[in-house]
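Take a look at the structure set out below.
The values are calculated or read from the model by the stated rules, or taken from the named source; none is laboratory data. Owing to the predicted nature of the structure, the values given are computational and were not obtained by experimental measurement. In this analysis, Cβ positions are derived from the backbone assuming ideal geometry, glycine residues included, and neighbour counts consider all displayed protein chains. For the accessible areas, the whole protein counts, side chains as well, though only heavy atoms, and no ligand, DNA or RNA atoms are used. Shrake-Rupley method; radii C 1.70, N 1.55, O 1.52, S 1.80 Å.
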Amino acid sequence: MPELEEIGAWLRHRLAGLLAENEVPGAAVAVAAGRETVEVAAGTLSTATGVEATTGSLFQIGSITKVLTATLAMQLADEGRLDLDAPVRAHLPEFRIGDERAARRITTRQLMCHVSGFEGDVFTDTGKGDDCVERFLDVLHEVPQLFEPGEMFSYNNAGYCVLGRIVEVVRGKPFDACLRDHLLTPLGMTHAACDPYEAIVHRTAVGHVQRTPDGPYRPTPVWALARSNAPAGSMLAMPPRDLLAFARMHLAGGTGPDGVRLLSAESVRAMRRPQVTLPDIGQGTAWGLGWELFDLPGGTVFGHDGSTVGQSACLRVVPGRDVAVVIVANGGRSRPVFAEIAGRVLDELGGVRLPAPPAPRAVSVPPADAARYVGTYTSSTCETEVSLDEAGRLWLRRTPVGITAELDEVPYRTELAAWRGDVVLPLEPERGVHAPIAFLGDDGTGRALYLHDGRADRRASA
């Protein structure tokens, strides 16, 4: 395929320079078009060791793991062993959160498309044993309910840990065994590692983070988050080619490389069917059952992103053209790297054009309704203060708390400018991008109830 060969040549020429421009220590890329694949890598796996990144190196895929977890759940639905619209308590009678009324109503489907409504950033370490996901459910007993189940989208890591526990209970074995037996092995994902003990026998990347806002990217103090969050994406690592095998199964309507069916064609379609529309924050258009969905000029794209301790990953798939791209990186400003590579691959091979990333106008103005946004918004991982200065300019200051503070996440401060309606744009980029922020709802006094950047952070009580 000439176009794929051209993409490969461009990547071999461009990747190292692109990483240097964005302070990304190392990255690997794999692109599939039909049965053909190109793979390219550049940089180092750790600045402390200088070990070279290769196409076979393992990188953590972070939250892309959620699509594998969702696929495990859909396999159970195919077998008639899981009803997506039954309450979670049908399989987990012990499931409890701070709001008992919500706990009785939340369904598996709502977990899968991030509309369950409870606080989702819970990364408590419940040990390294096979019972860690089971024990994680006890941690959720006091987490608050942010909104009514099904009311809106708010990305929820803890919800996918609950989904992983459902898979464990129905299968009768630990999550990692379910993952390996029902997806990794049948798909020939031979280098996928479920934990550091498996990863260490391979050539494996280490994440890199900044310890000060303008400081260099240095290796992380820990390799991964807690194993209790494995179904949400705290552990799984693999080379890009292994993740392509998973994407190809979905492109093939649920059949693996040997023709064996792993998922019904109807379940493949159901996972890509929109379940909830996303706020206008420059991300996807909607969320399906696991997949993020993008309605773009030229066609529909599905995929997922991943971010964990100093590592990040991007998966995009064009179903009508049999095209997929995987990009993994171990620090730095990875999002501009992902945008340039995915943008070219999707345009030239998939006939789909990504929109230009949001960027501040040459002359920025404060939002017209700025006073409605002022206040403090909280979650388990950060506290965000939005304030007006004497000149009427709107400012945001985000302070990491909990696990993000422990992992040296740096504070972030920026002025906010008007963009579209109740969505504002930060003037200071974060990790190389200006990510829009929406202010939604009403607290009963005319002020916004939620700050939404993919997750809904609720206004703190006065």
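Residues that are small (Gly, Ala, Ser) and more than 25 Å from Phe246 (Cβ to Cβ) were ranked within region 1-36; the one that is surrounded by the most Cβ atoms within 10 Å (Cβ to Cβ) is Ala16. If I filter region 409-462 down to residues being β-branched (Val, Ile, Thr) and open to solvent by 30 Å² or more (accessible area, probe 1.4 Å), which single residue comes out as modelled with the highest pLDDT? The selected residue is Thr445. Starting from region 253-264, keep only residues that are touching a residue at least 24 places away in the same chain (Cβ under 8 Å), then list their pairs with residues that are of a type in the set (Lys, Arg) whose Cβ atoms are within a distance under 8 Å, requiring at least 6 positions of separation or different chains. From region 253-264, the pairs are Pro257/Arg248. Figure legend. Inter-residue proximity from region 69-92: first residues free of Cβ contacts under 8 Å to residues at least 24 places away in the same chain and closer than 12 Å to Leu163 by Cβ, second residues in a loop (DSSP other than H, G, I, E, B) and open to solvent by 50 Å² or more (accessible area, probe 1.4 Å), beta-carbon distance below 9 Å, spacing 6+ or different chains. No pairs are indicated. Of all residues in region 371-387, those satisfying the criterion of being at pLDDT 95 or above and of a type in the set (Ser, Thr, Tyr) are Tyr373, Thr376, Tyr377, Thr384, Ser387. Filtering region 151-172 to residues that are farther than 17 Å from Trp287 by Cβ, open to solvent by 10 Å² or more (accessible area, probe 1.4 Å) and out of contact with any Asp or Glu (no Cβ under 8 Å at 6 or more places or on another chain) leaves Val169, Val170, Arg171, Gly172.
Scanning region 436-462 for residues that are assigned to a loop (DSSP other than H, G, I, E, B), over 22 Å from Ala158 (Cβ atoms) and touching a strand residue (DSSP E or B) at 6+ places or on another chain (Cβ under 7 Å) gives Pro436, Asp443, Arg447, Ala448.
Would you confirm whether any residue within region 333-355 is modelled with pLDDT under 95, touching a Pro at 6+ places or on another chain (Cβ under 9 Å) and either under 24 Å from Gly441 (Cβ atoms) or among the polar types (S, T, N, Q) (or both)? Checked against the condition, which is being modelled with pLDDT under 95, touching a Pro at 6+ places or on another chain (Cβ under 9 Å) and either under 24 Å from Gly441 (Cβ atoms) or among the polar types (S, T, N, Q) (or both), region 333-355 yields no hits at all.
Taking the condition in a loop (DSSP other than H, G, I, E, B), of a type outside the set (Lys, Arg) and either open to solvent by 60 Å² or more (accessible area, probe 1.4 Å) or closer than 30 Å to Ala103 by Cβ (or both), does Ser234 pass? In short, yes. Count of region 237-278 residues, restricted to those that are under 23 Å from Ala33 (Cα atoms), assigned to a loop (DSSP other than H, G, I, E, B), among the aliphatic types (A, V, I, L, M) and modelled with pLDDT of 95 or more, is 3. Scanning region 48-78 for residues that are acidic (Asp, Glu) and touching a helix residue (DSSP H, G or I) at 6+ places or on another chain (Cβ under 9 Å) yields one hit, Asp78. Among the residues examined, Gly343 does not qualify as on the phi > 0 side of the Ramachandran plot and open to solvent by less than 50 Å² (accessible area, probe 1.4 Å).
Among the residues of region 336-358, are any closer than 30 Å to Val206 by Cβ, outside any strand (DSSP E or B) and among the charged types (D, E, K, R)? For region 336-358, residues closer than 30 Å to Val206 by Cβ, outside any strand (DSSP E or B) and among the charged types (D, E, K, R): present. Put simply, of Asp322, Asp295, Asp258, Asp305 the only residue that is open to solvent by 30 Å² or more (accessible area, probe 1.4 Å) and closer than 27 Å to Glu428 by Cα is Asp305. Figure legend. Inter-residue proximity from region 30-46: first residues polar (S, T, N, Q), second residues surrounded by fewer than 22 Cβ atoms within 10 Å (Cβ to Cβ), beta-carbon distance below 9 Å, spacing 6+ or different chains. Indicated pairs: Thr37/Leu4; Thr37/Arg241; Thr44/Gly50; Thr44/Val51; Thr44/Glu52; Ser46/Pro219.
Note on region 179-219: residues that are open to solvent by less than 60 Å² (accessible area, probe 1.4 Å), under 18 Å from Val133 (Cα atoms) and out of contact with any Ser or Thr (no Cβ under 9 Å at 6 or more places or on another chain) total 2. When Asp214 is tested against the conditions (1) in contact with a Lys or Arg (Cβ under 8 Å, 6 or more places away or on another chain); (2) without any contact (Cβ under 8 Å) to a residue 12 or more places away in the chain, the lone failure is (1).
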